[in-house]
Structure formats: C-alpha cells, structure tokens
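Below is one structure, written out as structure tokens; comments come after it.
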Amino acid sequence: MAKQLVRDQQGITLRGSAEIVAEFFSYGINSILYQRGIYPPETFTRVQKYGLTLLVTTDPDLKNYLNNVVEQMKEWLYKCTVQRLVVVISSIENGEALERWQFDIECDKAAKDDSAPREKSQKAIQDEIRSVIRQITATVTFLPLLETACAFDLLIYTDKDLAVPEKWEESGPQFIANSEEVRLRSFTTTIHKVNSSVAYKKDSFP
C-alpha cells in the first residue's frame, strides 16, 4: 500500500507573505522603541514570538497607532506598492535625526498573477526573522547612547501613483548628517524580501 505524505504547511501565498512581513514590522518597531529607550521600559510587556522573548508596548495610544500602521502595511504589501519602511529617531529638543532604521522591501510582483503557493516553510522564514530581531537587540552594543529625550517617526515609501490615505501625510526623508551605516541581516518569504540597516549620527569626538 502506497504511503500518503501530508505536507506540514501549504506554502506561502501573497496574502500570507504580506501578513508575515507586516507582523515582523510590528515586533521590529516595538523592539527598536524599547531598545532605544523611546518609551519607558515599564510600558512594555514580554511576549513569546519567533522562539524569542520580545517586548511590546502596553501604551494604548502607541498600540493603536502601530496597529493602524501594520494594517495599512498589510494592504500595501499585498498590492506590492510599498518599497521601504523607515523608523527615524530624533531629538525632541531640536528635531535633529539621530538614528534611521531602514527596511527595504522587494516584492516579486509575479506573485500577483500566480496563485500557486511558494515553497518555503514557516519555520525557515521564522528562523531568518529571529536572526534579524536578534541583531536589532544586539545593536545597543555599538549604537551611541541617546543622551537627549527622543521621539520617533515612521516613514513609508510607496509607489508614486499611490493615493495618500486619510491621516497620513507626505514627508521629507529625514536623513542624518555625518552618519555611519550598519547593514543588518535580511529575510525572505520568497515573495517579499526585507533588507535591514541602521544609520546613526557619528560622535562629534574622535
């Protein structure tokens, strides 16, 4: 009698890929805000994800803001109309950009016309995402201390012809003068690939 082999998962679809990448941004942004001290540590709670203990905000306004961003990102990722997400950390005192966390997004637009799922296991994708999150956590070892109270902005780069949703506004790139850049790991679902890097203001003193 022939054996029947059952696949442990159904492969990666465009919608599934958009969900995975948007979820990564939710945890990634939370990790950056916690690690860089943008919000008080007591406003974060521990959760288990990707085989790691991560910290996510309990601040109602921030949660609501990030949830709205992630839902919008899902739609843009599904339509392959988003190219980059940037977390800019800047001084509240003078508005100067001090750090720029950049996530470049490549989308295989052929997936829009191809309904067949891509072959890549959830585990393999989660392993790659875990490596990126670990790097974000480890950056505190080399990033300069933020010695001033800071705020953050989220910049999202989309296709030029995309209508700007209500409550969003167009913005400048907020580049950092005199900066160093460190490339972080990337991950891919086979439909979306995310390349990560962080740029930071070099210390004024050698």
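The values are calculated or read from the model by the stated rules, or taken from the named source; none is laboratory data. The structure presented is a predicted model; accordingly, all values stated were derived computationally and were not measured. Backbone-built Cβ (ideal geometry, glycine too); neighbour counts: all protein chains shown. Protein only, heavy atoms only, side chains kept; ligands, DNA and RNA dropped before computing areas. Shrake-Rupley method; radii C 1.70, N 1.55, O 1.52, S 1.80 Å.
Scanning the stretch 116-149 for residues that are of a type outside the set (A, V, I, L, M), closer than 20 Å to L184 by Cβ and not in a helix (DSSP H, G or I) turns up F142, P144.
Within the stretch 118-143, residues that are over 12 Å from V182 (Cα atoms) have Cβ atoms under 8 Å from residues that are modelled with pLDDT under 90 and in a helix (DSSP H, G or I) in these pairs: R118/A111, counting only partners at least 6 apart in sequence or on another chain.
Of all residues in the stretch 129-155, those satisfying the criterion of being in contact with a Lys or Arg (Cβ under 7 Å, 6 or more places away or on another chain) and closer than 21 Å to I12 by Cα are S131, V132.
For the stretch 1-39: of the residues being assigned to a helix (DSSP H, G or I) and open to solvent by 60 Å² or more (accessible area, probe 1.4 Å), which is modelled with the lowest pLDDT?
Of the residues in the stretch 1-39, the ones assigned to a helix (DSSP H, G or I) are 14-35.
From what is left, the residues that are open to solvent by 60 Å² or more (accessible area, probe 1.4 Å) are 15, 19, 23, 34.
Numbers: R15: 92, E19: 95, E23: 96, Y34: 96.
It comes out as R15.
The number of residues in the stretch 84-93 that are surrounded by fewer than 19 Cβ atoms within 10 Å (Cβ to Cβ) and either in contact with an Asp or Glu (Cβ under 7 Å, 6 or more places away or on another chain) or free of Cβ contacts under 8 Å to residues at least 24 places away in the same chain (or both) comes to 1. Between K193, K201, the distinction of being surrounded by 15 or more Cβ atoms within 10 Å (Cβ to Cβ) and at pLDDT 95 or above belongs to K193 only.
Going through (1) at pLDDT below 95; (2) part of a strand (DSSP E or B) one by one, I105 falls short only on (1).
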